[in-house]
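Read-outs throughout are calculated quantities, based only on the coordinates presented, and are distinct from any laboratory measurement. Fair warning: this is a prediction, and the values are worked out from it, not measured in the lab. In this analysis, Cβ positions are derived from the backbone assuming ideal geometry, glycine residues included, and neighbour counts consider all displayed protein chains.
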Amino acid sequence: MAENLVTVIFNYVDYKNQIKSKQLPKHIAVIMDGNGRWAKQKGLLRTIGHEKGSRAVREVVEASAELGLKYLTLYAFSTENWRRPKYEVDTLMKLLVSSLRKEIHRLQDNDIKLNAIGNLELLPSKVLDELLEVIESTKNNSRMILTLALSYGSREELVHVMKEIANNVKNNIISPEKIDETIINQHLYTQNLPDVDLLIRTSGEQRISNFLLWQIAYAELYFTDTLWPDFSKEELYLALYSYQNRERRFGKTSDQLSKQ
Ligand code: FPP
């Protein structure tokens, strides 16, 4: 009964029209989860779930650009995902290459710049070459920055940052007293991106799974039971509606905020 009511409300409320364009989050990050379960529920191979997942990627990228979002970051492959069965990893890599090839024109037409974060050296050369080619050919686009987190893990990123800073200290490029949040930000893979404002995770899991741990310090978290292949533009509007109806205090009190 409760579920039916939610479905009814969801179908009849036009969330898109309620989104305030002046209060959009600058940066949305998404943990796209549930491709495997989506496939299993339908008696299909997990890899079909990933294929359907790439359709949801297209829909969300399109909706984000239409709304005027500036930064969208998608967790497409984690450092831990390398431990999956070889067949699944190979399929995901092939899917990435074919999606990049297919989407390059759409990215150009929509003035979207592609970016990637992660330990990219671990990617097969075919994937890396294709990725670098699309990054190069979209580098002058400016409507929205679409970042794919590939072979990404936040702890690996932080280790990389610490090694770089330690080397700079060793080589007298910086003194330890000068290390602050700005310096750390400058060494993250996300150095050109603002902090995440809204983190969305699909599939009912409520955890962060080693994604952008530093960058989500003040992000609003939004969890939905929807499995990633079923995530649609409407679901994105609903997440934005929820975000815009929260109070972000950044450590201050409500009273302080209302006086600002
Ligand atoms: C999580 O579902 C999803 C992934 C590990 C991969 C995400 C990849 C895509 C959405 C497809 C292609 C991406 C791009 C950018 C074109 P899961 O397999 O962990 O699902 P489960 O938890 O139900 O097993």
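A few points about this structure:
- Placing unit charges on each Cβ (+1 for Lys and Arg, -1 for Asp and Glu) gives the chain a dipole about its Cα centre, and among 242, 154, 210 the Cα reaching farthest toward its positive end belongs to 242.
- Calculated P(r) tail over 19 Å for region 97-161, as whole % of Cα pairs: 33 percent
- Taking a point 7 Å out from the Cα of residue 213 in the direction of its Cβ, the residues of region 125-165 whose backbone N falls within less than 20 Å of it are 149-165.
- Unit charges on C-beta of K, R, D, E only; dipole of region 62-180, Debye: 160 debye
- Computed from point charges on the beta carbon alone (+1 for Lys and Arg, -1 for Asp and Glu), the dipole magnitude for region 1-147 about its Cα centre is near 220 Debye.
- Cα shape, region 105-260, gyration tensor, a/c 1.5 rule: oblate
- Set the Cα radius of gyration of the chain against 2.2 N^0.38 Å, with N its number of residues, and you get 1.07.
- Most positive-pole-ward Cα, 110, 72, 38, against dipole of the chain from beta carbon charges: 38
- Using the rule -39500 (n - 2.57) for each DSSP H run of four or more residues, divided by the residues of the chain, the 222 nm mean residue ellipticity is -15000 deg cm²/dmol.
- Cut-off 13 Å between beta-carbons: net charge of the residues surrounding residue 260, Lys and Arg +1, Asp and Glu -1: +2
- The chain, dipole about Cα centre (Lys/Arg Cβ +1, Asp/Glu Cβ -1), debye to the nearest 20: 120 debye
- Normalised by 2.2 N^0.38 Å, with N the number of residues, the alpha-carbon radius of gyration of region 10-79 equals 1.34.
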